[in-house]
Amino acid sequence: MTEFSDDMPLGAARDALRELITPRGAKHRCPLCARTTQIQWRTIHSSMARYFLVLYHAAPPGTAMPIRDARIAGDSIKGADVCKMKYWGLLKDERERRPDGGPGGWWSVTEAGARFARREITVPRIARVYADRVLSFEGKQVDIRDCLGDRFNYDALMAGSPGDDDALVVGTGGTLFG
Ligand SMILES: [Zn+2]
């Protein structure tokens, strides 16, 4: 590949690589580690938004909870996706705050997240993410109802029903909605 040479400074290689992967969907091999790299254009899709409301109901804002304990029955773990809402500042990874230093998977809904759940704020539709960091936000502002789309009913979810025909279950002992 001609974009990179062995004697170019690392900073220049980094800039060149970033330029190569700037167009949406563009991929390129990293000259250092040989992995294919790409900027991810993230959106909050309907399942993420629905799952987010499960978390919002499961614990007050700022309260850490193990994400595995909040789940949608019959639609099991979409947790990996909902965690991406950290890029908009709506969820926070509480790994550092684990008192026992145990494994990750503990998250909290932030104040902004709670406001998003209540439709008091909107967020940009797209987060451009590289190496787990947001490069920029793009697109029009959306609220959680836009994110839920036609698949899930916001008012039903906020009133404590599943929002569709599935049952939402939190923990092993109780049904949150139902
Ligand atoms: Zn690399």
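Some observations on this one:
- 3J(HN,Hα) couplings calculated from phi for the stretch 25-31 with the Karplus curve 6.51 cos²θ - 1.76 cosθ + 1.60 (θ = phi - 60°) are, in sequence order, x, 6, 10, 8, 6, 6, x Hz; Gly and Pro show x.
- Ordered by the number of other Cβ atoms lying within 10 Å of each residue's own Cβ, fewest first, L32, L55 fall into the sequence L32, L55.
- Residue order, fewest to most surrounding Cβ atoms within 10 angstrom, among Y56, Y130: Y130, Y56
Coordinate-derived values only; no laboratory data. Quick caveat: nothing in here was measured; it's all calculated off a predicted structure. Don't worry about glycine lacking a Cβ; one is built from the backbone with ideal geometry, like all the others, and counts go over all protein chains shown.
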